[in-house]
Amino acid sequence: MYDAIVVGARCAGSPTAMLLARQGYRVLLLDKSTFPSDIMSTHYIHQPGVAMLKRWGVLDALRATNCPPITKVTLTFGDVVFNPPPPPDDAPVQEAFCPRRTVLDKILVDAAVEAGAELREGFSVREIVMDGDRVTGVRGAAKGGATVTEEARIVIGADGLHSKVAAAVKPAEYDTKPTFTFAYYSYWSDFPLDGAELHFPEGRYAIVFPTHDGSACVGIGGLTEGFHEFRKDIEGNYLKEADAVPTVGERVRGAKRLERFVGTNDQPNYFRKPYGPGWALVGDAGYHRDLVTGLGITDAFRDAQLLADAIDDGFAERRPLDEAMTAYEQRRNEVAKPLYDATCDIAAAEKLGPEQFAPFAVAMQAMQTMMVEMADAEKEVPA
Ligand SMILES: Cc1cc2nc3c(=O)[nH]c(=O)nc-3n(C[C@H](O)[C@H](O)[C@H](O)COP(=O)(O)OP(=O)(O)OC[C@H]3O[C@@H](n4cnc5c(N)ncnc54)[C@H](O)[C@@H]3O)c2cc1C
């Protein structure tokens, strides 16, 4: 019997497992993937997310991978160019990063294992075991292995957008909005760039992020209505749309593509009630927003910390578990909701200007403040 079983070992699952294991809990961390491995996602981490990595003591491991720190962000709206101001001098970190998921997720998995979590990679959870409405464990198997059942006081679904845990417990979903955008991306060498770029010509967008080994992650997106037409000729349309964004097309055409194009329009927007008897949800499993503002990883880090703190409060009997989990949902929503609204407004817009990013910047600042407060509160707790 474990204290916690965490299904999914990427941005949400590994930090949750790491934080619980650091508190001395017996944690089983399961993923059908093996690590290192990629997943469909570009990978911009905003400063509050990087601050979490620092707080957890894993930022140095990321820096050691020579992932370029990002201190300059440029947004363009046709001829209008806007550089958001850098974080205040006293912010815990000044840089954003855009590490490949092969690199980032491996660092997170290793940190969870180092903290004492038991990792089973290549293990597929096929069934959520329930006793009445209470989740008591999971059933699944490693590739080619026998089916096993494992039990825990809590099963945590960190298993992403198509969460099996969420499908089993059927949580209430709220503030749901439809998919607004699609995007395709790839990696390029010999692509000149200076920091991160987000371009918003009318009806489409382009993102340019510096990542490892001097390569650039370049994504082209648009309103979801254009998805099926776009995918009829992905390369042709990617280049055509890039050409419509001043300087991006030019640079793409002078660069060398390193990988295949990857893309999706599976971008629903929802909040889910993230807890119930014997279960919890974290990361995309519990809350999903359009990819246009690159928030998913930063959100997953924040919610991993909030959830692990809530479970620890409950298990250590500092307060009833249900009360702690209610606070987890409230804290998540308090910070996520303004970012969610701003993201949905940006994603749904035909035409954007810098003014649409003002609410996003304010909400991001609130998230930064919350994360600093959480870290400060932790320092004040006697060991
Ligand atoms: C095209 C695209 C671009 C994006 N760009 C950005 C960006 O720039 N910045 C950003 O912050 N976010 C971005 N996101 C969002 C980001 O990828 C997600 O929010 C983030 O990965 C969520 O992390 P997670 O740990 O909740 O889920 P995931 O990263 O999806 O991990 C879930 C894990 O659960 C495992 N799993 C699932 N089911 C089972 C099962 N039954 N048994 C065992 N294991 C299971 C999977 O193998 C997987 O490893 C983007 C997303 C997309 C699609």
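The values are calculated or read from the model by the stated rules, or taken from the named source; none is laboratory data. Computed from a predicted structure; not experimentally measured. Using ideal geometry, Cβ is built from the backbone for each residue, glycine included, and neighbour counts are taken over all protein chains shown. Ligands, DNA and RNA are stripped out before the accessible areas are found, and what is left, the full protein with its side chains, is counted by its heavy atoms. Shrake-Rupley method; radii C 1.70, N 1.55, O 1.52, S 1.80 Å.
Viscosity 1.306 mPa s, temperature 10 °C: Stokes-Einstein D of the range 181-264 from its Kirkwood Cα radius, in µm² per second? Rounded, D is 126 µm²/s.
Counting only protein heavy atoms and a 1.4 Å probe, the range 295-383 has 45 square angstrom of accessible area per residue.
Annotation: H288 carries an accessible surface of approximately 10 Å², with a 1.4 Å probe and no ligand, DNA or RNA atoms counted. Taking the charge dipole of the range 181-264 about its Cα centre, with +1 at Lys and Arg Cβ atoms and -1 at Asp and Glu Cβ atoms, the residue from L258, Y205, L239 reaching farthest to the positive side is L258. Given +1 at the Cβ of Lys and Arg, -1 at the Cβ of Asp and Glu and no other charges, the dipole of the chain around its Cα centre is 840 debye to the nearest 20.
Principal axis extents of the Cα atoms in the chain, from largest to smallest and rounded to whole angstrom, are 58, 48, 40.
Simple rule: put +1 on each Lys or Arg Cβ and -1 on each Asp or Glu Cβ in the chain, find the dipole, and look at V248, A363, A377; the Cα lying farthest toward the positive end is V248.
Largest first, the three principal axis extents of the alpha carbons in the range 231-300 are 55, 25, 22 Å in whole numbers. For the pair K54 and D322, the difference between a 0.36 nm per residue extended length and the Cα-Cα distance amounts to 93.5 nm. Divide the volume of the convex hull around the Cα atoms of the range 78-227 by the residue count and you get 230 Å³ per residue. Using a probe of 1.4 Å on the protein chains alone, the accessible area found for V93 is around 10 Å². The length gained on full extension between A361 and R257, counted as 0.36 nm times the residue separation minus their Cα-Cα distance, comes to 34.2 nm.
Looking at the range 93-144, the accessible area is 44 square angstrom per residue; that uses a 1.4 Å probe and ignores ligands, DNA and RNA. Compared with the direct C-alpha span, the chain from T176 to T147 gains 6.9 nm at full extension, assuming 0.36 nm per residue. Label-to-label distance, E202 versus E350, with points set 7 angstrom from Cα along the beta-carbon direction: 0.8 nm. Note on the range 100-246: with charges restricted to the Cβ of Lys and Arg (+1) and Asp and Glu (-1), its dipole about the Cα centre is near 520 debye.
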